[in-house]
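*Asks:* I am attaching a structure below and will ask some questions about it afterwards.
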Amino acid sequence: MSKITRRPFPAETAEKLAGSGIPPLLARIYAARGIAEAVQLDTDIKRLLPFAQLKSAGQMAGLLADAIAENKKILIVADYDADGATACAVAMRGLSALGAKVDFIVPNRFEYGYGLTPEIVRLAKESAPDILLTVDNGIASVDGVAEAHRLGMQVLVTDHHLPGDTLPEAECIVNPNQPGCTFPSKNLAGVGVMFYVLMALRAEMRERGAYADKPEPNLGSLLDLVALGTVADVVRLDDNNRILVQQGLQRIRAGRSCAGIQALLRIARRQAAQASSYELGFIVGPRLNAAGRLEDMGLGIRCLLTDDAAEAGEIAAKLDSLNHERRSIEADMQDSALATLHAFDPEDSFSLSLFNEDWHQGVIGILASRLKDKFHRPVIAFARSQTGELKGSGRSIAGLHLRDALDLVSKRQPHLILKFGGHAMAAGLSIREEHLNDFRQAFESIARELLDAEALVKTISTDGSLDAQEFTLSIARDLQRQVWGQGFPEPMFEGEFRVQSQRIVGEKHLKLKLSSPAGSYDAIRFFHADPAPETVRAVYSLSVNEYNGNETLQLIVRHW
């Protein structure tokens, strides 16, 4: 069950924004997304929050500058998703440009699990590093940091995940969500945190006279990677993150992105000059993630590190192939899950916890996301790991902070969860198989405590209806140029239409001609081949359809 609602907006704010020269429709849209001043839409790099506000960034810069001066070996410990891969590439490229002796290691998720575990520390020791630098992980690695110290290595942690009750005793931690950090943007992705550390390090090197006789490295060249990781990790696009993403997209559109991103766009038949946050989140990101889901994210990181176009093309082709394989596995898993839930009545449950012994551990997160979207319930999908434990990946809905919910389960029944971590909307955990039913009941109990019936109704928020004069190509272009994403959703509108014609294109998309008193419009509903009724109340977005060099307005129907 779902309902369509109109997103509220403060009328005074919209009038103020319109008075500053913003078109009335855009003013209304921005006001509904928390924009109070026109300056918040300025994505000039000079408006980035200063690194000095990020707790311990200066301290870590000093430690890294010392390591560079002393020619110490730094080993980056990466994570196996797109944020971790881009953070690793940013660290590798940035630290190398700043004079560091640096290499990386990325855990295979099936052998080592997540984060700086004692096992991955012992593997890292074989490379004889002086310093382990974590990216997009480490804030919960109490045992891993202790093991690194036992083996004579220092640990620097850069992360953005929520900390647990105990912080690891690392030499330095940079994380906007750690206790005592007053950095205004708590939404930096792991790659954003690493970029900020590099800005602090360059400033420290400048103070030490490193650039007295040579030019400073241009860290702006890393912003394509920062944008990719930020969008792919689905962090909230607050003012600061939108600056990072917009700056990165400008580099990509201008053809100045790294060879790997260019190759991944080409393999997907996408034009870099037209790239948007959609391409980062739904085209490039999944292909990069496929390496970590099915094989080894080292392949994805190498794609982002090479400057050789031919090599990047070869790796991109492998990643594209892995992504096709991932999609096939995901489709099979979704079919089996839906078969299991054939008689499922959403009214009976506030949550879903599912396990199938044939499911692939690397794809359960996507499965959980698909089922969450279908049933509008918090979902945790489990697969059996190589060690015999069940690895779970969860996705949640508004109203239930998933990590906090797992924390409650763990506190009330400490024997159920072996380990867990994550965010409000996504989390991972490990349990013993014999505890699955007990966990399912405990999680359902917590969900019933934290959610009410209203929260279980899927709400589709729109920005209202459009006047006849607002169905224009120029407005569609204006909307397309903006950075949209998590916490700053792409505008959608609603309206009553008569279906003049409809046909299936590409075997799975519905091409439509819709009419209303305002006019007649081309429209398409992707991945939806069921016929439309004669009249529809549609939720849609405006898009620019480019065909044979011509641009026309097209409505993308999201729901009816």
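The values are calculated or read from the model by the stated rules, or taken from the named source; none is laboratory data. Treat the numbers as computed from the prediction; the structure is a model and nothing was measured. Reconstructed Cβ throughout: ideal geometry from the backbone, glycine too, with neighbour counts over all protein chains shown.
*Asks:* Search the range 57-77 for residues that are assigned by TED's automatic domain parsing to the domain that holds ASP103 and pair each with any residue that is of a type in the set (Asp, Glu) and part of a strand (DSSP E or B) when their beta-carbon atoms are under 6 Å apart and the residues are at least 6 apart or on different chains.
*Replies:* Short answer, once both residue conditions are applied: LEU75/ASP103.
*Asks:* Could you tell me how many of the residues in the range 515-560 are out of contact with any Ser or Thr (no Cβ under 6 Å at 6 or more places or on another chain), assigned to a strand (DSSP E or B) and over 21 Å from ILE460 (Cα atoms)? Explain how you work it out, then say what you get.
*Replies:* The initial filter retains those residues of the range 515-560 that are out of contact with any Ser or Thr (no Cβ under 6 Å at 6 or more places or on another chain), namely 515-538, 540-544, 546-553, 555, 557-560.
Filter again for assigned to a strand (DSSP E or B), leaving 515-516, 519-525, 535-538, 540-544, 546-547, 550-553, 555, 557-559.
Filter once more, so that each one left must be over 21 Å from ILE460 (Cα atoms): 515-516, 519-522, 544, 546-547, 550-553.
Number of matching residues: 13.
*Asks:* The conditions are (1) within 20 Å of HIS401 (Cβ to Cβ); (2) of a type in the set (S, T, N, Q); (3) assigned to a helix (DSSP H, G or I), and THR459 fails exactly one of them. Which is it?
*Replies:* Evaluating THR459 over (1) within 20 Å of HIS401 (Cβ to Cβ); (2) of a type in the set (S, T, N, Q); (3) assigned to a helix (DSSP H, G or I) leaves (3) as the failure.
*Asks:* From the list LEU188, LEU264, which residue is among the aliphatic types (A, V, I, L, M), surrounded by 24 or more Cβ atoms within 10 Å (Cβ to Cβ) and under 15 Å from the mean Cα position of the chain (by Cα)? Walk me through it before giving the result.
*Replies:* Working: LEU264 fails: under 15 Å from the mean Cα position of the chain (by Cα).
Of the residues listed, the single one that is among the aliphatic types (A, V, I, L, M), surrounded by 24 or more Cβ atoms within 10 Å (Cβ to Cβ) and under 15 Å from the mean Cα position of the chain (by Cα) is LEU188.
*Asks:* Looking at the structure I just gave you, is ALA52 part of a helix (DSSP H, G or I) and surrounded by 18 or more Cβ atoms within 10 Å (Cβ to Cβ)?
*Replies:* Values: part of a helix (DSSP H, G or I): yes; surrounded by 18 or more Cβ atoms within 10 Å (Cβ to Cβ): no.
No.
*Asks:* Show the residue pairs meeting these rules: Cβ distance below 9 Å; 6+ apart or different chains; first residue within the range 97-108 and over 15 Å from ASP130 (Cβ atoms) and modelled with pLDDT under 95; second residue surrounded by fewer than 21 Cβ atoms within 10 Å (Cβ to Cβ) and hydrophobic (A, V, I, L, M, F, W, C).
*Replies:* PRO107/LEU123
*Asks:* How many of the residues in the range 80-128 are more than 24 Å from SER257 (Cβ to Cβ), of a type in the set (Gly, Ala, Ser) and either under 22 Å from the mean Cα position of the chain (by Cα) or surrounded by 23 or more Cβ atoms within 10 Å (Cβ to Cβ) (or both)?
*Replies:* Summing the residues that are more than 24 Å from SER257 (Cβ to Cβ), of a type in the set (Gly, Ala, Ser) and either under 22 Å from the mean Cα position of the chain (by Cα) or surrounded by 23 or more Cβ atoms within 10 Å (Cβ to Cβ) (or both) in the range 80-128 gives 3.
*Asks:* Quick check: is even one residue across the range 397-410 within 19 Å of ASP136 (Cβ to Cβ) and not assigned by TED's automatic domain parsing to the domain that holds HIS160?
*Replies:* yes
*Asks:* Quick check: is even one residue across the range 474-481 over 27 Å from the mean Cα position of the chain (by Cα), surrounded by fewer than 18 Cβ atoms within 10 Å (Cβ to Cβ) and modelled with pLDDT under 95?
*Replies:* Scanning the range 474-481 turns up at least one residue that is over 27 Å from the mean Cα position of the chain (by Cα), surrounded by fewer than 18 Cβ atoms within 10 Å (Cβ to Cβ) and modelled with pLDDT under 95.
*Asks:* Could you check GLN502 against (1) surrounded by 13 or more Cβ atoms within 10 Å (Cβ to Cβ); (2) within 28 Å of the chain's Cα centre (by Cα) and say which number it fails?
*Replies:* Of the numbered conditions (1) surrounded by 13 or more Cβ atoms within 10 Å (Cβ to Cβ); (2) within 28 Å of the chain's Cα centre (by Cα), the odd one out for GLN502 is (2).
*Asks:* Could we say that ASP136 is surrounded by fewer than 22 Cβ atoms within 10 Å (Cβ to Cβ) and modelled with pLDDT of 95 or more here? Give the steps one after another, and end with the answer.
*Replies:* Details: surrounded by fewer than 22 Cβ atoms within 10 Å (Cβ to Cβ): no; modelled with pLDDT of 95 or more: yes.
No: the conditions fail for ASP136.
*Asks:* Show the residue pairs meeting these rules: Cβ distance below 6 Å; 6+ apart or different chains; first residue within the range 318-340 and farther than 23 Å from CYS303 by Cα and outside the structural domain of LEU367 (by TED's automatic domain parsing); second residue surrounded by 14 or more Cβ atoms within 10 Å (Cβ to Cβ) and among the charged types (D, E, K, R).
*Replies:* GLN334/ARG370
*Asks:* Scanning the range 505-514 for residues that are of a type in the set (A, V, I, L, M) and under 26 Å from SER461 (Cβ atoms), which turns out surrounded by the most Cβ atoms within 10 Å (Cβ to Cβ)?
*Replies:* Going residue by residue through the range 505-514, those that are of a type in the set (A, V, I, L, M) are 505, 510, 512, 514.
With the extra rule that they be under 26 Å from SER461 (Cβ atoms), the set shrinks to 510, 512, 514.
Values: LEU510: 21, LEU512: 22, LEU514: 24.
That would be LEU514.
*Asks:* Would you point out the residue of the range 243-261, among those that are without any contact (Cβ under 8 Å) to a residue 60 or more places away in the chain and hydrophobic (A, V, I, L, M, F, W, C), that is surrounded by the most Cβ atoms within 10 Å (Cβ to Cβ)?
*Replies:* If we take residues in the range 243-261 being without any contact (Cβ under 8 Å) to a residue 60 or more places away in the chain and hydrophobic (A, V, I, L, M, F, W, C), then ILE261 is surrounded by the most Cβ atoms within 10 Å (Cβ to Cβ).
*Asks:* Scan LEU479, LEU418 and give me the residue that is more than 25 Å from ASP348 (Cβ to Cβ) and assigned to a helix (DSSP H, G or I).
*Replies:* Numbers: LEU418 fails: assigned to a helix (DSSP H, G or I).
The match here is LEU479.
*Asks:* Select from the range 55-93 the residues that are modelled with pLDDT of 95 or more, more than 16 Å from ASP103 (Cβ to Cβ) and not in a helix (DSSP H, G or I) and list them in ascending order.
*Replies:* Within the range 55-93, LYS55, SER56, GLU70 meet the criteria.
*Asks:* Kindly provide the set of residues from the range 332-366 that are closer than 21 Å to ILE446 by Cβ and in a helix (DSSP H, G or I), ordered by number. Break it down stepwise before answering.
*Replies:* Of the residues in the range 332-366, the ones closer than 21 Å to ILE446 by Cβ are 341, 344-355, 364-365.
Of everything in the range 332-366, those that are closer than 21 Å to ILE446 by Cβ and in a helix (DSSP H, G or I) turn out to be PRO346, GLU347, ASP348, ILE364, GLY365.
*Asks:* Any residue in the range 277-284 that is of a type in the set (Gly, Ala, Ser) and surrounded by fewer than 19 Cβ atoms within 10 Å (Cβ to Cβ)?
*Replies:* The initial filter retains those residues of the range 277-284 that are of a type in the set (Gly, Ala, Ser), namely 277, 281.
Checking the rest, the ones that are also surrounded by fewer than 19 Cβ atoms within 10 Å (Cβ to Cβ) come to none.
For the range 277-284, residues of a type in the set (Gly, Ala, Ser) and surrounded by fewer than 19 Cβ atoms within 10 Å (Cβ to Cβ): absent.
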